[in-house]
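Have a look at the structure below, then the notes.
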Amino acid sequence: MFPFTETGPFDRTEKKALIVAALFCAVFIVLLGVSVPAKRVHKRPLTLVRTTTPLATPFEPPVPSYVDPLESFRIVPANFIGVDFPNFSYGVYDSPELKPLTLALTDGKMWDDSGWFNLQDVYYKDLTGDGSPEAIVRLLHLRCHGSCDGGSDLFYVYSRRNGKLKNIWRYETGSYAYGCGLKSLIVGDKVIIMDLFGRCSTQAMVSPGPAKYLVEDLTSTIFEFDGRQFTTKSTKYITDGMRNVKNWEPQIWIY
């Protein structure tokens, strides 16, 4: 049995209500059908990736560039500008083997019957405490008679006041081959400390060992400035084992 078959005829008000309700339902169905469904948010699955912490790179310190600690002492001060030590006369050189000669360098060198003289270095420092630098000149004296002696060191210290040079210290070591070669030199305020291989009491002496370049013991001498020049303050002999000093490079400190 169909609904409303037993009901009486509808009045106008009921028909109007039914028609409005039917239209509303139809519109609702149409709107529901044509509306775009909301997008669903799909979460991506989380992927866990296992990583290994890289090993720390070992610290590698930069390679230090070598700086010569004596370089600052090679700067020519104002009171020595114009003094050309490579072309310079160092006065009379007395040799125990030959007659005296005039030691005058040209381009830093000189040859004579006594051997070769070469300019090794020039340093500048106030050694006397008067506020004005002195010049410390180092020469190499190499003797070769049949065979060479390895060289000896010849030092000159000059002061310069009012344009005038004055030699306030001169010292020649022995040689490396025959003893009393230079081990080290320390230059400070009013003091010079020199260490030589062997037992050496005077300048340019030898202290021969059992064979060439083999030397034992050490000599340490302190020179002090007395107001006019450097003089010997003390000499100490140090017992030390035999050593081969061929091609020895002496250490020089200035402070």
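Tabulated values for the structure
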| quantity | calculated |
| --- | --- |
| 5 angstrom amide H check on D126, placed H, neighbours 5+ away | E134 |
| Translational diffusion of the range 71-254, µm² s⁻¹ [Kirkwood Rh, Cα pairs; Stokes-Einstein; 37 °C; 0.692 mPa s] | 193 µm²/s |
| Residues D121, D195, D107 arranged by fewest to most Cβ contacts within 10 Å | D107, D121, D195 |
| Separation of the K166 and T202 label points, Cα + 7 Å toward Cβ, nm | 2.8 nm |
| Burial ordering of M242, M205, M110, fewest other beta-carbon atoms within 10 Å first | M242, M205, M110 |
| Under-5 Å amide H pairs with G151, H placed in peptide plane, nonlocal only | R143, Y176, A177 |
| 10 Å binning of all Cα-Cα separations within the range 126-175, expressed as whole percents from 0 upward | 24, 38, 22, 12, 3 |
| Karplus (6.51, -1.76, 1.60) ³J(HN,Hα), θ = phi - 60°, over the range 196-209, in Hz, Gly and Pro reported as x | 10, 7, x, 9, 10, 9, 9, 5, 6, 8, 10, 9, x, x |
| Local electrostatic count at R138 - Lys and Arg +1, Asp and Glu -1, tallied over other residues with Cβ under 9 Å | -2 |
| Residues R228, R160 arranged by fewest to most Cβ contacts within 10 Å | R228, R160 |
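Since every read-out is calculated from the coordinates, none of them should be taken as a lab result. What you see is a predicted model; the values in this text were computed from it and never measured. Note that each Cβ is placed from the backbone with ideal geometry, even for glycine, and that neighbours are counted across all protein chains shown.
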